[in-house]
Amino acid sequence: MANIDSRGYAHPEVLVSTDWVEQHLNDPNVRLIESNEDTLLYSSGHVPGAVHVDWTSDLNDQIRRDYITREGFERLIAARSLPA
């Protein structure tokens, strides 16, 4: 599989590989946040220690029927990034 940097992503510097995730599973400075289109996937199995973000209820503004704002996303991630 091609290196992340060579895949044409707009900002590859913000992406990590599965190897990186495995190497940082127990890193106290890293919080993995998992969100899937199929909201049942998290409960059936997820990356160990990953925090769940439900894209339908957490990432969508329920009034505007659009994605949450940047500020809303920052609040969500800050709240979910706290140690369990």
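The values are calculated or read from the model by the stated rules, or taken from the named source; none is laboratory data. Everything quoted here is computed from the prediction, not taken from an experiment. Backbone-built Cβ (ideal geometry, glycine too); neighbour counts: all protein chains shown. SASA here: full protein model, heavy atoms, side chains in, ligands and nucleic acids out. Shrake-Rupley method; radii C 1.70, N 1.55, O 1.52, S 1.80 Å.
For the chain, which chymotrypsin sites (Phe, Trp or Tyr not before Pro) are in a loop by DSSP, counting at most 16 other Cβ atoms within 10 Å?
Numbers: sites: Tyr9, Trp20, Tyr42, Trp55, Tyr67, Phe73; in loops: Tyr9, Trp55.
Those satisfying the criteria are Tyr9, Trp55.
How far, in degrees from 0 to 90, does helix 70-80 lean away from the longest principal axis of the Cα atoms of the chain, to the nearest 10?
Long axis of 70-80 versus the principal axis of the chain: about 70 degrees.
Could you give the length gained on full extension between Arg75 and Asn26, defined as 0.36 nm per residue of separation minus the Cα-Cα distance, in nm? Let's see the in-between values first.
On the way: separation 49, 0.36 × 49 = 17.64 nm, distance 2.40 nm.
The Arg75-Asn26 span can extend by a further 15.2 nm.
Using a 1.4 Å probe over the heavy atoms of the protein chains, calculate the carbon and sulfur portion of the accessible area of the chain as a whole percent.
Numbers: 3640 of 6790 Å².
Roughly 54 percent of what the probe reaches on the chain is carbon or sulfur.
Report the residue, chosen from Ser35, Ser43, Ser57, that carries the largest GNM mean-square fluctuation when the chain is represented by alpha-carbon nodes joined by springs under 10 Å.
Residue with maximal mean-square fluctuation among Ser35, Ser43, Ser57: Ser43.
Compute the FRET efficiency between Asp19 and Gln62 as 1/(1 + (r/R0)^6), taking r as their Cβ-Cβ distance and R0 = 41 Å, and round to the nearest 0.05.
Efficiency computed from Cβ-Cβ geometry: 0.65.
Looking at the chain, which longest stretch skips every one of the trypsin sites (Lys or Arg not before Pro) that is in a DSSP loop with at most 11 other Cβ atoms within 10 Å, leaving the sites themselves out? Mind dumping the intermediate values first?
Numbers: sites that count: Arg7, Arg64, Arg65.
With trypsin sites (Lys or Arg not before Pro) excluded where exposed in loops, the chain gives 8-63 as its longest stretch.
Under the rule of at least 5 residues apart or a separate chain, name every residue whose amide H is placed under 5 Å from the amide H of His52.
Long-range HN contacts for His52: Glu34.
Ignoring ligands and nucleic acids, what accessible area does Ile4 show with a 1.4 Å probe (Å², nearest 10)?
Accessible area, nearest 10 Å²: 30 Å².
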